[in-house]
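Trainee: Take this structure first; my questions come after.
The values are calculated or read from the model by the stated rules, or taken from the named source; none is laboratory data. Since the structure is predicted, the reported quantities are computational estimates derived from the model, not experimental observations. No Cβ is skipped: glycine too gets one built from the backbone with ideal geometry, and neighbour counts run over all protein chains shown. What goes into the accessible areas is simple: the full protein's heavy atoms, side chains included, and nothing from ligands, DNA or RNA. Shrake-Rupley method; radii C 1.70, N 1.55, O 1.52, S 1.80 Å.
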Amino acid sequence: SHFEDYPKKLYEEGSIKTSKGYTTTANHLKDYLKKKDDCSLFSDITPEFLDALEKHFLSSKMKLSYSSIGVYMRNIRTIFNQAISKKIISSELYPFGKGKYVPPSSKKAKKALPLEVIEKIYNYKPDSPEEARAKDMWLFAYFANGLNVKDIAFLKYENIKGDVLSFIRAKTEHSTKDNIKTIEVIITEDIQRIINKWGRKPQRSKSFIFDILHPNDLSALQIYRDINQAVRTTNEYMKRIAEDLKLERVPTTNFERHSFSTI
């Protein structure tokens, strides 16, 4: 019941992607419990239970990666931590930690591109307006301190303060006040060129700079769909650019953030 309530709460708060992750974990857990007498108490989730669950995930039927298993197990751990902090269960029931169960962790693939690859992308001559937009949005994210697509989508003209873009990242907007940090990005010639070319017209202060979100429907679900669509479209055309440039890896929207922070 806790595992079903938490994703509902996340969904209502607008964290659609995270909510879906917990729902997927809950569904995997329920499918497994059907084979184990349907145990569903916190006290049933022991280190031995989690070891068996991990083996189930690795079985020929499931074939999950250690990376995915790590995510699911950490989701289960979060539910335990919440229940303990709310004093619903005793900390003695906690099955995680040294000498108990430790979720697997996989080494993250390096997603930073060398400067010469970014130079190739920068100098690439697009074959279509769609390629041109994808390339420019990728470069905008890179030049703007490695922004993710959601942050770009929420940028408004009112965020432009002289020669600086000033905004709060979407992932921290629900943080406590003392944890909120305003991001400031210098508007370079390249950033300004991309805004001038692809920004909404006229440039009203309350308007989103880029045409990613539907201004008339800013529900959490529609925002989730719009962001996903923007990511998919950008990545699709960046794949074509990578093929034309004969790059070893496709520079998806994840790469620009890692590349900026590394370079």
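Trainee: Just to confirm my filter: which helices (runs of 4 or more DSSP H) fall fully inside the stretch 158-263 and include at least 3 residues that are open to solvent by 40 Å² or more (accessible area, probe 1.4 Å) and in contact with a Gly (Cβ under 8 Å, 6 or more places away or on another chain)?
Mentor: 253-262
Trainee: Hey, another quick one. Quick check, is Phe42 more than 24 Å from Ile227 (Cβ to Cβ) and in contact with a Leu (Cβ under 9 Å, 6 or more places away or on another chain)?
Mentor: yes
Trainee: Out of the stretch 41-64, which residues are open to solvent by 60 Å² or more (accessible area, probe 1.4 Å) and touching a residue at least 12 places away in the same chain (Cβ under 8 Å)?
Mentor: Correct list: Ser43, Asp51.
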